[in-house]
Amino acid sequence: MEPSDEHGRTASGGEKAAKATAKRTSRSGDPIVRFNLYLPKEAYESLERLQQLSGKRSLAETVRAALKLYHVVQEGIEDGKEVMLVDKVTKEKERLISM
């Protein structure tokens, strides 16, 4: 389904579908929107590996977790921070992203 504006209209005029989507809520009660995502096979397989490594129950849960991480990283970069990995044992730092 296509994303809709605040009046339930979509780019192709799918007002009925948008209204049905707007009624859906997450377990926490927040409104949710459904969309389809086409990925190259390699990207899909990478997403499946991330799901397995992270122990997430679904690919959708994996995508939501990735979006949360991306949001935190983006906010940090906007605040002038750097993104780094720190080795737990040696405390060695590796810069991932710097702007």
* Structure fact -> Restricted to region 45-99 and to residues being of a type in the set (Ser, Thr, Tyr) and in a loop (DSSP other than H, G, I, E, B), the residue surrounded by the fewest Cβ atoms within 10 Å (Cβ to Cβ) is 90
* Filter region 27-59 for residues that are at pLDDT 95 or above and charged (D, E, K, R); which is nearest to residue 69 (Cα to Cα)? -> 56
* Members of region 25-40 found to be within 13 Å of residue 60 (Cα to Cα) and surrounded by 10 or more Cβ atoms within 10 Å (Cβ to Cβ), listed by number -> 32, 33, 34, 37
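The values are calculated or read from the model by the stated rules, or taken from the named source; none is laboratory data. None of the values given here were measured: they were computed from a predicted structure. As a convention, Cβ positions derive from the backbone with ideal geometry for all residues, glycine included, and neighbour counts pool all protein chains shown.
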